[in-house]
Each structure stands twice: as structure tokens, then as C-alpha cells.
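The values are calculated or read from the model by the stated rules, or taken from the named source; none is laboratory data. Note that this is a predicted model, so its numbers are computed, not measured. For neighbour counting, all protein chains shown are included, and Cβ atoms are generated from backbone atoms with ideal geometry for every residue, glycine included. The accessibility values were calculated without ligands, DNA or RNA, using every heavy atom of the protein model including side chains. Shrake-Rupley method; radii C 1.70, N 1.55, O 1.52, S 1.80 Å.
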Amino acid sequence: MERPSWDDYFLKISKVVADRSSCLRNKVGAVIVKDKDIISTGYNGSPQYQKNCLEIGFCYRNKNNIPSGTQLERCRAVGSHAESNAISLAARNGHSTSDSTIYITGHSVVCNQCKALIANANIKRVVLLTPKNELFEFIPSRDWTVHSVDE
């Protein structure tokens with residue numbers, strides 16, 4: 001039996017983290033790693049102190065036929081994506097994200113808000129495994145230098 005690479009190992013962990021998601025539409029997990037140590041995890045769901053879709057029993061966006069990637073402000077998890085939750089948890093627990101890697105599973109793209117948070121948290125590498133098992137690596141300082149409105 002062959003051992004998984006570090007990237008495969010942390011991506012598998014991010015899939016388990018995604019299982020904690022309270023989103024009925026999409027389960028996303030994120031793991032922030034520095035020097036091969038996990039410093040934080042996050043999953044998508046409602047902000048702390050607010051009811052989530054599982055508790056309420058429905059997804060507002062599904063109920064109102066809101067297409068994925070649009071009207072994000074009408075989502076209970078707005079601002080509480082897996083990436084932002086992992087960054088917030090690291091900050092809350094006093095762990096620097098500078099020069100770290102974030103591993104993400106469960107969606108096909110990193111939204112612009114999370115790209116900004118990742119860049120501002122000085123996370124140096126992003127590894128994304130999509131639901132179609134496509135693997136992408138991003139270096140924010142190289143790959144995210146142009147804002148989407150300027151593309």
C-alpha cells in the first residue's frame with residue numbers, strides 16, 4: 001500500500017471537514033496547513049449564533065430557485081464559506097496563516113470574497129479539488145493579481 005502524498009492527505013481531511021457543513025446545497029471543507037501541521041479547518045454554514053439550513057429544514061436559495069453563484073447575500077452562509085471560516089478560526093485561536101497552504105474540497109471555484117480573504121491572510125498556496133475530481137493549484141501572488149471586474 002502506497003502512502004498518500006501530503007496534498008492527497010490534506011485534501012482527504014478537507015472532505016471529512018466538509019461533512020460538518022450545514023448547507024443543503026453544497027458541502028465544502030477547508031484545511032489550512034503550515035509546515036505540514038493543520039492550524040485550522042472550516043466548513044460552509046450559517047454564522048455563529050444564527051440558525052442554519054439543517055435546523056430550519058430548507059435552503060432559501062433552493063426554495064426560491066436562485067442559481068448557484070448569484071445573489072450570495074441571500075444565503076444563510078454568506079460570509080461563512082469554508083475558506084473564510086478556516087481563516088477566522090485560525091485568527092480566533094492565535095494561529096498565523098502567513099506562508100500557509102489552504103486545501104479546499106466541495107466546489108469548483110473560489111469566490112472573489114474568499115480569494116481576497118486568502119490573499120490578505122497571506123496564504124501562499126491554494127489547492128482545490130472540485131466535485132469532478134479536477135485538481136487545481138493557485139499561487140495567489142501569481143494567479144490572482146487581476147480583479148474579476150478587470151478581466
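Worth a mention:
- Helix-only mean residue ellipticity at 222 nm for the chain, each DSSP H run of n ≥ 4 adding -39500 (n - 2.57), per residue, nearest 500: -7500 deg cm²/dmol
- Of all beta bridges that DSSP places with both ends in the chain, some 75 percent have antiparallel geometry.
- Anchor Lys34: aspartates and glutamates whose Cα lies under 17 Å away (excluding residues fewer than 8 positions away in-chain): Asp7, Asp8, Glu83, Asp99, Glu137
- Here the chain is described by how far its Cα atoms reach on the three principal axes: 43, 42, 34 Å, from widest to narrowest.
- Here the relative contact order of the chain, from alpha carbon pairs under 8 Å that lie six or more residues apart, stands at 22 percent.
- Computed on protein heavy atoms with a 1.4 Å probe, the accessible areas place Leu128, Leu89 in the order Leu89, Leu128, largest first.
- Ratio of Rg to Rh over the stretch 1-75 (Cα coordinates, Kirkwood Rh, two decimals): 1.09
- Members of Lys51/Lys115; Lys27/Lys132; Lys36/Lys132; Lys27/Lys115; Lys63/Lys115 lying beyond 21 Å, as alpha-carbon distances in this model show: Lys51/Lys115; Lys36/Lys132; Lys63/Lys115
- The share of accessible area on the chain that comes from carbon and sulfur is 50 percent, using a 1.4 angstrom probe.
- Accessible area per residue in Å² at 1.4 Å probe, computed on the chain: 61 Å²
- Averaged over residues, the count of other Cβ atoms within 10 Å places the peptides 113-125, 19-31 in the sequence 19-31, 113-125, highest first.
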